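Report on the structure given below.
Every number here is computed from the coordinates shown, using simple stated rules; none is lab data. None of these values were measured; they are calculated from a predicted model. Glycine gets a Cβ as well: all are built from the backbone with ideal geometry, and neighbour counts include every protein chain shown.
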Amino acid sequence: MAQGNNWSPELEGLRGIASLWVLFGHICLLVQCRIPLLYDPGMGVDLFILLSGYLMAKNYQDRREKAPWNSLTTIREFWLRRFFRIAPLYYLLLIVALIFGGLFGECRDIIASAWISTQTDASRYADHSFLNILTHLSFIFGALPDYSFRTVLPDWSIGLEMQFYVLFPFIMLMVMRWGFMLSALVVMVVCLAARFLLADYFDAFPMPSMILIKLPLFLAGMVMAQAVRENNLRLWLVALLAPLCAAWMGIAVTPVRLAAQWVMIIGMTALLWQAAEGSRLERAMRLPKRLLTLRISQFLGDVSYSVYLLHLMIVIPTIALLVNYSNFEHLPSPVRMLMVAALCTPVVYLCAWGLFHRVEKPGIALGRRVITGKNVRPEQVLP
């Protein structure tokens, strides 16, 4: 996939940070190492959400002359591109998750025997029912409370992402009519109204996998993209309203998470803002930009999707083995966290590198062939 002239390589580095945050956050949760911020892997998912909204809106603006959103062809091609970006790897790992679901459930029970606060309904991992499989294959599970959290994969956010892709063209049609600012405010009001009108439905979700719960954050990313394009601080202030909207909805938003979301929005904007050469902001962002565009940072970004989907299938059995065959649970919590991270991180990234080249890139190439009818090879595409 060719990158546009306005491509910001720092975004790849941020995706890499988000996936690493989720990986280490889940390790901290499972071994009960309460490192502030890191102990909440959901914040890493929030960063992914902001990036997704930003990239979708940015790509729309880059392509709007060639692919206007009032064209059904544009919408169809958008949905196909996103499906083939997400589905091939997801379907492969979903099969593995379902086949070995019982084993993963036993591993979670072993972990819970050491730390009761990590207890979960392990039977959900082994749900081979027709409806569970069908809802996951069709990606509608994220909107159904009973099926939104029923595999070992952290796929609740994949269902969420697919719902965002379904809605995104219609949000952009609103933007074409009303502009980014008014459209974002209207959609946030709709989310708030739905929260109070459909309170029981919202509260039924064990994870925030239904789009209206997280749509304000996607909107924040979209508005940021336009604010950066226009150097428009007023528009950027609308993005800062999104975390407040989520807090008013009252779903799993702590003061720490609210502050973290604001820091993410401010940090991303500062990083991507078109600051004048030699200005105070431009000088302050030189080091972060350099770090985020290092080769290792770009590698972390490339494999971030594979790392995100795969990591629990490696982390959970590793911790269970350590608990079962050693005095692991009696070690100091930072030692437990570092030990699991040292054992799992190389394996996760090695497997993710293979999946990126053997599954993700061929999947993207297949999507391109379906859309264009041309023979696109995996080595010709980028995520």
Quiz item: In the list Leu80, Leu103, Leu94, Leu51, which residue meets the criterion of being surrounded by 19 or more Cβ atoms within 10 Å (Cβ to Cβ), over 29 Å from Pro243 (Cα atoms) and of a type outside the set (Ser, Thr, Tyr)?
Solution: Leu94
Exercise. Could you tell me which numbered condition Arg76 fails, if it satisfies all but one of (1) farther than 28 Å from Pro216 by Cβ; (2) of a type outside the set (S, T, N, Q); (3) free of Cβ contacts under 8 Å to residues at least 12 places away in the same chain?
Key: (1)
Quiz prompt | Subset of the range 94-119 (residues that are β-branched (Val, Ile, Thr) and more than 24 Å from the chain's Cα centre (by Cα)) | solution = Ile99, Ile110, Ile111, Ile116
Exercise. Give the residues of the range 252-274 that are under 18 Å from the mean Cα position of the chain (by Cα) and either assigned to a helix (DSSP H, G or I) or closer than 28 Å to Gly179 by Cβ (or both), sorted by residue number.
Key: Val253, Arg257, Leu258, Ala260, Gln261, Trp262, Val263, Met264, Ile265, Gly267, Met268
Exercise. With the checklist (1) touching a residue at least 40 places away in the same chain (Cβ under 8 Å); (2) crowded, with 19+ Cβ neighbours inside 10 Å in hand, flag the one item Val187 doesn't pass.
Key: (1)
Practice problem: Return the residue satisfying two criteria in turn: it lies in the range 298-335 and is touching a residue at least 60 places away in the same chain (Cβ under 8 Å) and assigned to a loop (DSSP other than H, G, I, E, B), and of such residues it is surrounded by the most Cβ atoms within 10 Å (Cβ to Cβ). | Solution: His311
Exercise. Determine whether the range 99-119 contains at least one residue that is assigned to a helix (DSSP H, G or I) and farther than 24 Å from Leu322 by Cα.
Key: no
Quiz item: Residues in the range 53-68: is at least one within 29 Å of Gly267 (Cα to Cα), under 11 Å from the mean Cα position of the chain (by Cα) and either assigned to a helix (DSSP H, G or I) or without any contact (Cβ under 8 Å) to a residue 24 or more places away in the chain (or both)?
Solution: yes
Exercise. Being among the β-branched types (Val, Ile, Thr) and either farther than 19 Å from Ile314 by Cβ or in a helix (DSSP H, G or I) (or both) is the filter; apply it to the range 120-149 and report the residue that is nearest to the chain's Cα centre (by Cα).
Key: Ile140
Quiz item: With respect to Glu277, is the statement that it is within 22 Å of Gly13 (Cβ to Cβ), in a loop (DSSP other than H, G, I, E, B) and over 21 Å from the mean Cα position of the chain (by Cα) true?
Solution: yes
